Structure formats: C-alpha cells, structure tokens
Amino acid sequence: MLHIHNTLSRQKEEFRPIDPTHIGMYVCGPTVYDFAHLGNARPVVVFDVLYRLLKRHYPRVTYVRNITDIDDKIIAKSKESGEPFLSITKRTAQAFHDDMDALNALPPDIEPLCSGTIPQMLDMIATLIEKGHAYAADGHVLFHVPSMKYYGELSRRSRDELIAGARVEVAPYKKDPADFVLWKPSAPDQPGWDSPWGRGRPGWHIECSAMAKMHLGITFDIHGGGLDLIFPHHENEIAQSRCAHDGAPLANYWMHNGFLTVNNDKMSKSLKNFFTVRELLAVAPGEALRLALLSGHYRQPLDFSVEALQKAKATLDKWYGALRGKAAAHAEKLGVPVALEDALLDDLNTPLAIAHIHELANELNRAATPAEQAPIRARLLAAGEVLGLLQQDPETWFRWQPAEGAGPTDAEIETQIAARLAARKAKNYAESDRIRDALAAQGVILEDSAGGTTWRRG
RNA sequence: GGCGCGGUGGCAGAAUGGCUAUGCAGAGGACUGCAAAUCCUCGUAUGCCGGUUCGAUUCCGGCCCGUGCCUCCA
C-alpha cells in the first residue's frame, strides 16, 4: 500500500487513486531558456522513481510533464544573445532530454508544449471571465483572487498575509493586489498569439492548468514539483482550475521535493553556485549523479558537493564490482525484494532502499558458488532497476572515463596487463609493480584474483 | 512581520515509546609475492531545559541554533 506525503494536509496519507486502472500524474517541467542545473534534475529523478513505482502497482499510468517554451526569460535571452526565440527553445529542450536520459529518467508519457496548448488556455481564460473569476484590464487578463474561496489552501497563506508581505509594487490595473496575470500583451517583436483581448501571451500559471486538463482531465491523482512552486505557482494553478471547473479539485495529492543546496545555500542561478547537469556528466557518470540525488529523502534538503558525487560513484563501483563476473540466473527474473519495495511505498524512502541494496551487494560478495550467486544477483539487479540503477554491463561501467581524461585506451591497458602478467610469471615483481603503478598514475586500478586480472578506471 | 522546515556517531543518512539501520572514514584480522578488491571483528550519536510515562532520541511545552517561502525559481 502506497503512502505519500500530501502537501495539502502536510501529512502522510494512504494513496487512493481515482481510478485504480489508470493513474494520472502531472509534474511541472522545465522552462527552456538554459541548461538544466542539478536542482532542476532533482524533481525529474524523484518523480521518475515514483513513476516506476506506480507502473509496478497499477496497470496504466499517464505521466505528463510539460515544457514551458513561452516565458519572459526566454524572450530576454533571445534579445540579449540575438539567437532566435525558437532556436533557443528547441536547442534547450533537446539538451534537457539528453541530460535526463543520462540520468536514466524515463521519458514522460506526454510532454506537452506550452506553445501547443494556446487554444486550451484561451478557452479556460474565457471560462474564468464568464464565471466572474477573471477580468480584462489594460490589455491584460487577470485572475481575481478574492473570488476564489479556497485561495491559500495549499500554501497556507491568507490573502491578507500575502498583501502584508508583498515586496512587489502592485500594477495599477489590478483590482486586488493579489490578482495575477492570465494573459498579457506582447510587443510586435515578442512571441504572441491573437486573442479576444488582443495579441499576447499566457501568464506563467495558466499553461499548467490548461495542459493538465487537456491530458489528465479535470481532477487527477498526483501533482508534483519543487518546494518553491507551492507559492505562487501551484496555488494559482489550483485557483484557476477549480474556478473553471465549479470547485472540482485539481489534484488529490500534491508532492513537493526539497531543495538542493551547495554549502547549505540554495542552489540558484543568482547565487552562481549551481552545477549544470551537463558539466557534472563530464566528471562522473549520470548514474552516479542519479544515486547522489536519491541518497537523501526527497522532501529533505540535499546538500550537493563533488565529494558527495564521488562517493556515489564509489558506491556504484562497489555494487558493480559485486555483479562483475557473476553468473546470470537463467531462471526467470526475480521480483523486487519486499523490504525494498516497502521502503519506496512509504513515501519514497530511497535512503532506506539504498541500504537494502547495500545488503544485497554484501550478500552477493559473500556467496561462494555460482548456484548461490545467481539468485542474489537477480535480486540485486531487480532492486537496482526500481531506482533506475545497475542496468548497464559492469564492464561498461568500469570503462567510463571523464570527458577530459586522455588516459590510456582500453587496448593499451590490456597490453600492459599482458606484459605485467608475463613479468609476474617470471617472478619479476619489480617490473610487475612498475606497470601497475604506472597505470595507477593514469587512473587505472588493477585487481588480481584467482580468475585473472581485472581493471577499472578510478 | 506572517507561514514553514530541520538539528541523530568524524562525515553522509534512515528509523523508532524500551532491544538504535546502512554507507564512507577510522582500528584490528583473513586473503594476496606486495597491493587492490572482498570478507570477518570493533569503537563512537540522538542541540538544551522541563513535562507525560515503568521507560523518550521518538509524544507535549519552552529555549537555543540553522534554514526555506512570502518576487522569477525545481
């Protein structure tokens, strides 16, 4: 039985799907104006683990993650660099896909573009005006917050508090200081679409409401995203959708992942303390990055460092080392170990799941015969798969090298190992150790065992 | 000012009203030509002060410290 922490209640709840034969999940995706940093990758990996879990327990899951390709940051970037708007969004979306693939994140079932959902947004805006929840003013359309009875339910803020704490000047055309934009005018040189309120573009929040409705219906099961989206983004999404749908809930469960920090500061562009996924992939394999992101519970803050990344890689070295050279079970694939599945069913307790994987790896290392090893190996692989880990060939894993590493090629290493073997046979240990030390200096570690010498890049 | 989160061994990080994971690092041992890897053994923790309880790290209250949101943000 799956339990998840619901931001609406601030409590762990039993997950009760609307339709047990078909689960709907929406997660806010990237705004494509720049390379994804690791903070952007965290929700992708976290909800990927949830997606995999749901797929094991329900016959059908529809996972929707949007791409925001209309945004003022993209417009600003285009103006600044001279690169055409569409070129930026297309290139950045592709880079995002490449990065997430490297992290072993499964693609969502549906990945709608904001620019492809304009008619649905215009429909919803018209409905909101019709129902008295929105109004046109000065080329804009604004959502009227006081018309929404439950506004603040998710973020637990009252409208008065919002106004009291406001740090932004209120635009003169707003009826209420808390009102937010559904549609805004575009200058001739800015991307825009014709609408009853003039040529313009959507506000940030309406896109998710429209895309969620289009692909998942009025009410769906799970809505996810980063903690910082609770307010205002998700609060506003709820306001728009519920008001457009006569009060029907938008999502029954809201899940939010904690921040990624660097030296305990939030990783952000403005602090310039961010790492892009891209630059980290040059330092360590994507799988190590993924493990590092899952090494803490998703709701806790996670402090990232290159050391933490290297530790994750060392952990995977150990696990792949346990798998290396072990006979595969020819029997059918074993199921996911119960203890591990239970850990994930309890609000995605990935650290506990990882502890179980350690236990399996140790068990595999202790197993002496192929007959004992095969079933443990199968369980370890099944365990890895639920976290999106351990699915590559161990030999491939150990051959990975950093992007700038101009170390010896695989063939050169093999040649050196053969030379060393000859020296060892002749009991010329000085020469043998010289070869080993020379390779070690180039980042290649040799390991002798009864079965011969294996190597890995450290 | 309002709302919220967190303080667990040297580090990372779970869990729990009593018997306290897991990993890394550290100490000792096995194995090895020597290593590496692996295996075995070992040490060390629940911010402070009260309360409830037979018993609290776990529940309640206060305090201290750190931190997030209230503006674009995963």
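Throughout, read-outs are computed from the coordinates displayed, never taken from laboratory work. As the structure is a prediction and not an experimental result, all values here were calculated from the model. Counting neighbours? That spans all protein chains shown, and the Cβs are built from the backbone with ideal geometry, glycine included.
Measure up A:Lys266/A:Lys313; A:Lys73/A:Lys269; A:Lys326/A:Lys425 against 18 Å on the Cα-Cα distance and list the ones that go over. The answer is A:Lys266/A:Lys313; A:Lys326/A:Lys425.
Loop-located trypsin sites (Lys or Arg not before Pro) across the range A:179-265 with a Cβ neighbour count of 15 or fewer within 10 Å are A:Arg199, with loop assigned by DSSP.
Close amide H contacts of A:His223 (hydrogens built in the peptide plane, cut-off under 5 Å, sequence separation of 5 or more or a different chain): A:Tyr26, A:Tyr253, A:Trp254, A:Met255. The dipole here belongs to the range A:273-345: it is taken about the Cα centre, uses +1 on the Cβ of Lys and Arg and -1 on the Cβ of Asp and Glu, and is about 180 debye.
Helix A:350-366 axis versus longest C-alpha principal axis of chain A: approximately 10°, rounded to the nearest ten.
Run through the range A:353-435 and list the GluC sites (Glu not before Pro) located in a DSSP loop whose Cβ has at most 10 other Cβ atoms within 10 Å. When the GluC sites (Glu not before Pro) of the range A:353-435 are filtered for loop state and at most 10 Cβ neighbours within 10 Å, A:Glu404 remain. For the range A:218-227, the Karplus equation 6.51 cos²θ - 1.76 cosθ + 1.60, evaluated at θ = phi - 60°, returns couplings of 5, 10, 10, 7, 10, 10, x, x, x, 3 Hz by residue, with Gly and Pro reported as x.
What the phi angles of the range A:59-71 give under the Karplus curve with 6.51, -1.76 and 1.60, with θ = phi - 60°, is a coupling list of x, 9, 10, 10, 10, 10, 9, 7, 10, 8, 10, 10, 6 Hz, glycine and proline written as x. The length gained on full extension between A:Trp193 and A:Lys272, counted as 0.36 nm times the residue separation minus their Cα-Cα distance, comes to 25.0 nm. Report relative contact order for chain A in percent, whole number only (criteria: Cα-Cα under 8 Å, sequence separation at least 6). Once normalised by length, the contact order is 16 percent.
Each residue of the range A:435-441 was assigned a 3J(HN,Hα) from its phi angle through the Karplus expression (A = 6.51, B = -1.76, C = 1.60, θ = phi - 60°), giving 5, 5, 5, 5, 5, 4, 5 Hz with x at Gly and Pro.
Run through the range A:253-315 and list the trypsin sites (Lys or Arg not before Pro) located in a DSSP loop whose Cβ has at most 12 other Cβ atoms within 10 Å.
Those that pass, being in a loop and sparsely packed, are A:Lys269, A:Lys272.
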